[in-house]
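Beneath this line is the structure, given in structure tokens, with notes to follow.
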Amino acid sequence: MSNPLTKDAPAESSAKRPSVVARETSRSRAFCFYAGVFATTAATLMLQIIETRIVSVTSWYHLAFFIISIAMFGLTGGAVWVYLRSERLSRLDLNDVLARNSFYFALSTILTLLVQMTLVTSSTASFTSLFAWAELAIALAIPFFFSGVIVSLALTRSPYPIGIVYGVDLVGAAVGCIGVLLVLNIASGPTAILWIAALAAAAALSFAAAGSAARAFGAPQGAPELRYRVPLLIAIVLLAVVNPLTDRGIYPSYVKDGIESPKTFAFQGWNSFSRVTLTHDTVTEPAMWGASAKMPPTQIHQQWMTLDGSAGTSMYKFGDNIEDVAFLRYDITNLAYHLRGLNAGAVIGVGGGRDILSARLFGVKSVIGVEINPILVDLLTRRYADYTAISKYPGVEFAVDEARSWFARTDRSFDVIQMSLIDTWAATGAGAYTLTENGLYTVEAWQIFLRRLNPNGVFTVSRWYAPGEVNETGRMVALATATLLDLGVKDPRSHLFLATGGNIATIVVSKSPLSSEALASLKKAVADLGFGILISPGEKSASPLLQSIVDAPDRAELRAATDKSYLDLTPSYDARPFFFNQLRFDRLFGSRPIAADIGAGVYAGNIVATLTLAMLVLISAVLVVGTIVIPLYSAVRNTGWGLALGGTSYFLLIGIGFMMTEIALVQRMSVFLGHPVYALSVVLFSLILATGIGALVSEKFQLTSAPRLFLWAILTALYIIALPHWMPPILLQLDSAQLLTRAALAVLVLAPAGFLMGFGFPTGMRLVSEIDRRPMPWFWGINGAGGVLAASVAVLTSMAFSIDITLQVGGMCYLLLVVPAGGLWRAVSRRDAQPEFRVGRAAPVTQAGAE
């Protein structure tokens, strides 16, 4: 039966005109192309950030910068390959090439993960380690290489408006920076990598569909491997779903120099902060930090909790009888609880809950545990609430927050605040700039904690101690002394008490001078438990070095006192928050460190980590020379020395300047935002968007005269150099703000720097193209090479001097641009005056290669 509504309709109503179909097909293909670009750049940034999390588990925190360096190396290598194969690639269908490389991107991401999970990257400094790290570097670079090929081709050969393609590229990268936080909180590191591979496989389907909807599920001619696109995507998704459901899936087999098996764990959980593992229940002597020799023999049920494979603590089985944990009275870390009148307490970093139990055992009526990692709180309050009833015990509460921000924000005051061994062994490494707790061991942080004490309240901290060596204990004392001096205390020593037990030292920092009654209680506890006193008001210290530190009446004298040691004992500030790195680079090759038997202590860890850093710098340099410099040398070989020298200097400076600024801002924001993953995500998000916008704006507002060019370079340099002067007070002022507010402030601070730096690359390419297009690939490669190597240099600069100095070095690179930029501009002017000598000009450049 016919439909009366269409009975008399013209033929066009039942079939669309060919032109309409063509337009819709064109729009559909454009959408698929943009979707492929978006998925690729989002996957690339997510892969980079998640790899820093995995490396923090399998190796050490301070190596996260290595991922940034290798990612940039891989992306630059992909762009170089596109240049070297440009003639051959120009004869191929663009979408087929993009689909093929997306396929390889997905496949190599999984294969790289498998290599990473089985490769032993030892912390020992040896040739074996050198080659192991080189293998890992090459493996990690491969997925980024294919991503670099995809992005380079999409930006240079796309038939679509370059502005839209570039915008989609930036939006995808920005979404990846933020989306990674969600992925890491719902999936383990390896599983998150599998989802990224699935996203890359989806990009392959999108690019194939952009070429022809009929080819989306088939194989284009000459690329038979692409017939496996859909099966690959399905297989990856199934693997990502199944992997967390079994202990026979993909997981790290070698963690922190030790073989690991999932069967040994009763629980394993990942999030953006760390990987937490919990062993099965055992009956053994209670795990203690600094146990007294007078502690009676005790056997208890406990489970060992580990963060990122190295930071361990115990979770005791606990019912409702506080005397079940009476053995905690014998631990040196609980020395402060022997003071009288402690009613309100707070614990920074709850771990397995032992410090909270200690506070209640000694009679503290109310205690709150402030913990940044929600997994730990979830274990104590939900998953293992029947094993340890700590959350049900009267007077106990938890706050899931970054401790420094929480204490700055709360209006509560306390009689005692405890922070015991909030670290990992990785913290003794070369800077460990990605370690959360770095922001807890600075003068600014300790001032916040002391301000939250009642008039007679105390702040107690425990650190590692080696008899005969002050190491971390010496720096802890210097930090306490500097904090008190900055708060206006005239005699810091009257506020300090330091005792040792085994390889642990505990300091008690009082807001007011310690009373005779308080001193008597502390001394009695030390004598009863067989501990030793290192610092006590009115008494001479057994260590002349510690004596000179606590006797310092001002910052200058304190500096002079800490200079007496071959270790770096200077108090750490937010500008140089590397409490755990004690190497003095100016004395690294002195007689004492080289001749000393450093064994396996803190200093040894610093040495090994620094040697590892040196190896990674060497690996990066070899890879850069072998895959970027040598292959691209032919592009500049026949260029005049003026252009070669000026252009190389220009692009090297913006590459180094950009990366020095980026690493320094990641370090600074890590302290402000409370965790390195937040810092990395927010900094990359801000710089990618702002730099991209700056690059696009540079097309409309071109630096078409020498004064404009010089003004831009000077403004960029001044903004970056000025950051250490005006940024810290603002960050301190907003330390108490919620995370979203702090992140928004970080974006506002970073955006102008990124916007200004975004002018650098396209402006340089535009200048070079006006002179001679032939060496442009060389300059592109040099820019990437500078960034790769500068990542390592930035870490060393911040460690040796400060984050502020690293920022200022980055700013100086932009200031120095006036010299090569001036030379390039003069060359352009000469060419304009003699057009018969000009080589063909290039099309406008809109890509900000620096980021």
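The values are calculated or read from the model by the stated rules, or taken from the named source; none is laboratory data. Note that the structure is predicted; figures quoted are calculated from it, not measured. Every residue, glycine as well, gets a Cβ built from its backbone with ideal geometry; the counts of neighbours run over all protein chains shown. Please note that ligands, DNA and RNA were not included when accessible areas were found on the heavy atoms of the full protein model with its side chains. Shrake-Rupley method; radii C 1.70, N 1.55, O 1.52, S 1.80 Å.
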Need the failing condition index for residue 376 against (1) crowded, with 22+ Cβ neighbours inside 10 Å; (2) without any contact (Cβ under 8 Å) to a residue 12 or more places away in the chain, just the number. (2)
Matching entry among 795, 818, 809 (being touching a Phe, Trp or Tyr at 6+ places or on another chain (Cβ under 8 Å) and modelled with pLDDT of 90 or more): 818
Filter segment 25-59 down to residues that are of a type in the set (Gly, Ala, Ser), out of contact with any Ser or Thr (no Cβ under 8 Å at 6 or more places or on another chain) and surrounded by fewer than 24 Cβ atoms within 10 Å (Cβ to Cβ) and give me whichever is nearest to residue 173 (Cα to Cα). 30
For segment 138-171, what are the residues that are open to solvent by 30 Å² or more (accessible area, probe 1.4 Å) and not hydrophobic (A, V, I, L, M, F, W, C)? 156, 157, 159, 160, 161, 163
Out of 730, 721, I need the residue that is open to solvent by 20 Å² or more (accessible area, probe 1.4 Å), assigned to a helix (DSSP H, G or I) and either without any contact (Cβ under 8 Å) to a residue 24 or more places away in the chain or small (Gly, Ala, Ser) (or both). Which one? 730
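Residue by residue, here is whether (1) among the hydroxyl-bearing types (Ser, Thr, Tyr); (2) open to solvent by 20 Å² or more (accessible area, probe 1.4 Å) holds:
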{"residue": "88", "(1), (2)": "no, yes"}
{"residue": "113", "(1), (2)": "no, no"}
{"residue": "129", "(1), (2)": "yes, no"}
{"residue": "136", "(1), (2)": "no, no"}
Scan segment 438-456 and give yes if some residue there is among the small types (Gly, Ala, Ser) and either open to solvent by 20 Å² or more (accessible area, probe 1.4 Å) or over 29 Å from the mean Cα position of the chain (by Cα) (or both), otherwise no. no
Going by the conditions given, is residue 240 under 21 Å from residue 148 (Cβ atoms) and modelled with pLDDT of 85 or more? no
Counting only residues that are out of contact with any Ser or Thr (no Cβ under 7 Å at 6 or more places or on another chain) and of a type in the set (Ser, Thr, Tyr), which one in segment 558-610 is modelled with the highest pLDDT? 565
Taking segment 287-338 and keeping residues part of a loop (DSSP other than H, G, I, E, B), of a type in the set (Ser, Thr, Tyr) and modelled with pLDDT of 90 or more leaves 292, 298
Qualifying positions in segment 769-820 - within 28 Å of the chain's Cα centre (by Cα), open to solvent by 10 Å² or more (accessible area, probe 1.4 Å) and among the aromatic types (Phe, Trp, Tyr): 780, 801
With (1) open to solvent by less than 30 Å² (accessible area, probe 1.4 Å); (2) touching a residue at least 60 places away in the same chain (Cβ under 8 Å); (3) over 26 Å from residue 374 (Cβ atoms) as the list, and residue 258 as the residue in question, which single condition is left unmet? (2)
Residue 422 - would you say it is modelled with pLDDT under 90, buried (at least 18 other Cβ atoms within 10 Å of the Cβ) and more than 26 Å from residue 564 (Cβ to Cβ)? yes
Checking 687, 680 in turn, the sole residue that is crowded, with 17+ Cβ neighbours inside 10 Å, hydrophobic (A, V, I, L, M, F, W, C) and touching a Ser or Thr at 6+ places or on another chain (Cβ under 8 Å) turns out to be 680
Is one or more of the residues making up segment 217-225 open to solvent by 70 Å² or more (accessible area, probe 1.4 Å), farther than 27 Å from residue 50 by Cα, at pLDDT below 80 and touching a helix residue (DSSP H, G or I) at 6+ places or on another chain (Cβ under 9 Å)? yes
Taking first residues from segment 740-768 that are over 27 Å from residue 820 (Cβ atoms) and second residues anywhere that are surrounded by fewer than 22 Cβ atoms within 10 Å (Cβ to Cβ) and not small (Gly, Ala, Ser), the pairs with Cβ under 7 Å that are 6 or more apart or on different chains are 741/734; 742/734; 745/734; 749/727
Selection within segment 739-781 - touching a Gly at 6+ places or on another chain (Cβ under 7 Å), under 23 Å from residue 82 (Cβ atoms) and part of a helix (DSSP H, G or I): 761, 768, 779, 780
Name the pairs whose Cβ atoms lie under 9 Å apart, with the first residue in segment 183-202 and open to solvent by 10 Å² or more (accessible area, probe 1.4 Å), the second among the charged types (D, E, K, R) and outside any helix (DSSP H, G or I), and 6 or more positions between them or separate chains? 188/275
Are there any helices (runs of 4 or more DSSP H) wholly within segment 37-151 with 1 or more residues that are among the basic types (Lys, Arg), and if so which? 86-89, 94-118
Has segment 505-517 got at least one residue that is open to solvent by 20 Å² or more (accessible area, probe 1.4 Å) and among the β-branched types (Val, Ile, Thr)? no
Report, by residue number, each residue of segment 339-356 that is small (Gly, Ala, Ser), open to solvent by less than 10 Å² (accessible area, probe 1.4 Å) and either assigned to a strand (DSSP E or B) or touching a residue at least 40 places away in the same chain (Cβ under 8 Å) (or both). 345, 346, 352
